[in-house]
Amino acid sequence: MPASVIVDALWGDSGKGKTCAYLARKHDAQLAVRAGIGTNAGASVTLESGELIKARQLPTGWLNPGTKVAVGSGVLVDPRVFADELERYGLGDRAMIDPRCAVISEQHIADEQADQHLRKQVGSTCTGNGYARADFALRRAQQARDIPELAPYLGDVAAEANRVAADPDGLVLIESSQGTMLSLALSEDYPYTTSGNCTTASALNDVGLNWRHLDEVIMIVKALPTRVGEGPLPYEISTAEAERRGIAEYGVVTGRPRRKAEAIDADTLRYAAMLNGPTRIALTFCDHLDPAIRGQRGSAAIGPEVRRVIGEVEQATGAPVTLLDTGPRLDDVIDLEG
Ligand code: IMP
């Protein structure tokens, strides 16, 4: 298994981080690389001990002690968020940033927070990512190599990812961010998108990984989809209804309530599969579909409702569902591959 991409089918917040950590441990991956936009992403994983891990910059593959972590050159770096994660989780000796990453400055964050179009119309996370990306396109952003504090962590991430993936015993996990339907140039919902694409192909591009190394695309499908910010959400229910059902969610980065749907739109999912080419599906938040599955780890716990949704997802994507996420903890998983 030389390289696997973990990509979200819909609007993100679906457990990519947990899936990356789970697969890093299962396969003892050598390297996990963050792709995607930047620190507007927020992954959260609850450890067996109950400790909550939150990550915005580094991939959560570090939860496997033998896995090195890196940030691809297409991903925006906020040096303050990077330093915070390094220190909080003690990752100084196994984290790498590509010197070509564009840097989010404090000015980018201030500008984005003052931008009423982004704040009100788009519902941006206002973390400076869009402004930094715009400056990068205009060739006036700083890169990671211009920031002295980042010097100890710089390395050619594209070369490292291709080197590990070329080793038959190596495994590179690429953790994408956001979701396919938030893609700037592939979503129907512009301007209600993020500032770049969030598909398999864009993840390879963010890292600089040669496509010949790719052998798995694990597409994450959230059993009851959510969306943060503006834009259409098929089958949306009210926050009050989500709270009544005990399935209300709040954003990792912004703390905002996530808008919640009570079903997956099959046409949207089919389109996401067409764009991403999944070889496997991880169906996440299954406990929101059927509370009885919460925390279960054996396939005997899969009830009729989850089984029905697995069938619909396999039909729409043409790929097998091989992982079921059954709760917030890292080991709350039914692994159908064994
Ligand atoms: P921005 O990329 O922070 O400007 O946000 C643009 C849109 O993408 C807004 O609707 C955000 O809520 C959404 N968005 C950005 N990052 C994430 C994420 O990690 N998860 C879910 N939605 C996101």
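The values are calculated or read from the model by the stated rules, or taken from the named source; none is laboratory data. If you're wondering where the values come from, they're calculated on a predicted model, not measured in any experiment. Counting neighbours? That spans all protein chains shown, and the Cβs are built from the backbone with ideal geometry, glycine included. The accessibility values were calculated without ligands, DNA or RNA, using every heavy atom of the protein model including side chains. Shrake-Rupley method; radii C 1.70, N 1.55, O 1.52, S 1.80 Å.
Points to keep in mind about this one:
- For the range 29-46, the candidate set comprises residues that are open to solvent by 20 Å² or more (accessible area, probe 1.4 Å) and under 19 Å from ALA282 (Cα atoms); within that set, the residue that is modelled with the highest pLDDT is THR46.
- Test result for TYR250, loosely packed, with under 15 Cβ neighbours inside 10 Å and within 15 Å of the ligand (Cβ to nearest atom): yes
- Candidate set: the range 97-110, residues that are more than 29 Å from VAL172 (Cβ to Cβ) and more than 12 Å from the ligand (Cβ to nearest atom); chosen: the one surrounded by the most Cβ atoms within 10 Å (Cβ to Cβ): SER105
- Subset of the range 53-96 [touching a Pro at 6+ places or on another chain (Cβ under 9 Å) and either open to solvent by less than 10 Å² (accessible area, probe 1.4 Å) or in a strand (DSSP E or B) (or both)]: THR67, VAL69, ALA70, VAL71
- So LEU171, is it of a type outside the set (Asp, Glu), touching a residue at least 12 places away in the same chain (Cβ under 8 Å), touching a His at 6+ places or on another chain (Cβ under 6 Å) and more than 14 Å from the ligand (Cβ to nearest atom): yes
- Applying the criterion of being aliphatic (A, V, I, L, M) and in contact with a Cys (Cβ under 9 Å, 6 or more places away or on another chain) to the residues of the range 115-147, the residue that is nearest to the ligand (Cβ to nearest atom) is LEU118.
- The residues listed here are GLY229, GLY170; of these, the one that is at positive phi, open to solvent by less than 20 Å² (accessible area, probe 1.4 Å) and in a loop (DSSP other than H, G, I, E, B) is GLY229.
- Residue count, the range 195-226 (criterion: in a loop (DSSP other than H, G, I, E, B) and open to solvent by 20 Å² or more (accessible area, probe 1.4 Å)): 4
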